[in-house]
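Scroll down for the structure; my scribbles are underneath it.
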Amino acid sequence: MMAEINSDIIKAKEYLDQDRLIGLPTETVYGLAGNGLKAEVVSQIFEVKNRPHFDPLILHSYSIDAIREYVTEIPNNAIKLADAFWPGPLTLLLDRNDKIPDLTCSGLKRAAFRIPNHPKALALLKTLDYPLAAPSANPFGYISPTSAQHVEKQLGDKIPYILEGAISEVGIESTIVGFEDNETIIYRLGGLDIQEIEKVIGKVKVLPHSSSEPDAPGMLKSHYAPTKNILLGNIPELITANKNKKIGILSYSKLYDENVKVSLQLTKSDDMHEAAKNLFSHLRTLDESEIDIIITEEVPSIGLGKAINDRLRRAAVKD
């Protein structure tokens with residue numbers, strides 16, 4: 001049986017209340033969602049995704065007051081960021097209490113919380129008396145899904161229901177922020193630009209990725225990768241070096257035709273938001289095309305471009 005795709009929030013709630021998993025639309029990417037307060041449900045999430053247990057999950061809720069029930073304190077800078085950017089593509093790492101199972105947080109003292117800016121997700125969350133643990137709804141390490149159909153292709157035989165919510169508007173995962181020793185730290189670049197964060201709370205520190213056990217979700221070096229080999233660098237040079245192969249191109253804004261089988265551009269109008277929205281869906285299109293390799297390039301490192309480049313670099317990392 002393949003998952004049903006439907007926009008019925010009541011049906012989604014029924015599955016969740018039965019300790020089942022569903023596909024959840026958000027503005028960043030689609031999530032694989034279940035009751036984040038039940039270890040047996042969280043265990044299903046790790047199993048379905050084939051995700052290592054040391055990689056913690058993000059809890060989704062509908063209000064900061066609801067989140068207060070699960071934390072010991074919320075730092076002032078966290079409150080400022082929540083007031084400015086929630087609902088939105090921001091995840092905050094907060095000291096948790098014992099209502100949250102260790103498994104949800106991979107045994108770490110902090111839990112990751114987000115309020116998604118998506119009408120269907122928020123409407124569903126408001127009907128629940130528990131937060132939803134919801135990592136991206138894809139096999140671990142693969143390209144994140146930005147539509148219900150992407151979830152169906154990847155996990156449709158493993159879950160009963162996908163809540164339809166159109167294409168994810170942001171298209172890349174949330175920015176993850178934590179607070180230590182009076183410092184504000186970016187643990188993962190994402191859909192909220194660092195410059196916007198710094199306008200609210202001042203300078204922040206960006207942590208490098210971890211090759212082993214991460215301090216926050218989505219910090220592993222190799223991630224977001226297609227099954228086909230991906231090369232990141234100067235596109236014309238890489239085309240020349242691989243001219244005997246069937247090549248797929250993912251460029252920032254230019255289309256290529258010579259010695260290329262498929263060419264896609266992230267944006268036609270130098271629009272970084274458009275580029276972010278198209279990133280995973282274009283990678284997926286190329287991965288499903290009859291090509292040997294994907295050749296891509298870094299985008300201008302401004303605004304969301306930093307998060308896009310982060311995803312491209314990690315997609316190109318060889319395990």
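Here is how the numbers come out for the structure above:
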read-out	value
Given charges at Cβ of Lys, Arg, Asp, Glu: the chain dipole, positive-most of 106, 315, 262	262
Whole-number D in µm² s⁻¹ for the range 50-99, Kirkwood Cα-pair radius fed into Stokes-Einstein, 10 °C, 1.306 mPa s	131
The chain: antiparallel DSSP beta bridges as a percent of all, rounded to 5	40
For the range 229-316, the Rg and Dmax computed from alpha carbons only, in angstrom	11.9, 36
Relative contact order [Cα under 8 Å, 6+ residues apart], the range 245-319, whole percent	32
Mean Cβ count within 10 Å, highest first, over the residues of peptides 304-314, 227-237	304-314, 227-237
Cα pair count fraction exceeding 26 Å, expressed as % - the range 1-156	19
Length-normalised contact order of the range 7-53 in % [C-alpha pairs under 8 Å, at least 6 apart]	24
Per-residue HN-Hα couplings for the range 97-114 [Karplus 6.51, -1.76, 1.60; θ = phi - 60°; Hz; x = Gly/Pro]	9, 7, 6, 9, x, 4, 4, 4, 10, 6, x, 6, 6, 10, 10, 9, 10, 8
Relative contact order %, the range 121-273, counting alpha carbon pairs below 8 Å whose residues are six or more apart	14
The chain - mean residue ellipticity at 222 nm from DSSP helices (-39,500 (n - 2.57) per run, n ≥ 4, rounded to 500)	-8500 deg cm²/dmol
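The numbers here are math on the coordinates, done by the rules we state, and not lab data. Every value quoted in this text rests on a predicted model; they were computed, and no experiment measured them. Glycine also receives a Cβ, built like all others from the backbone with ideal geometry; neighbour counts cover every protein chain displayed.
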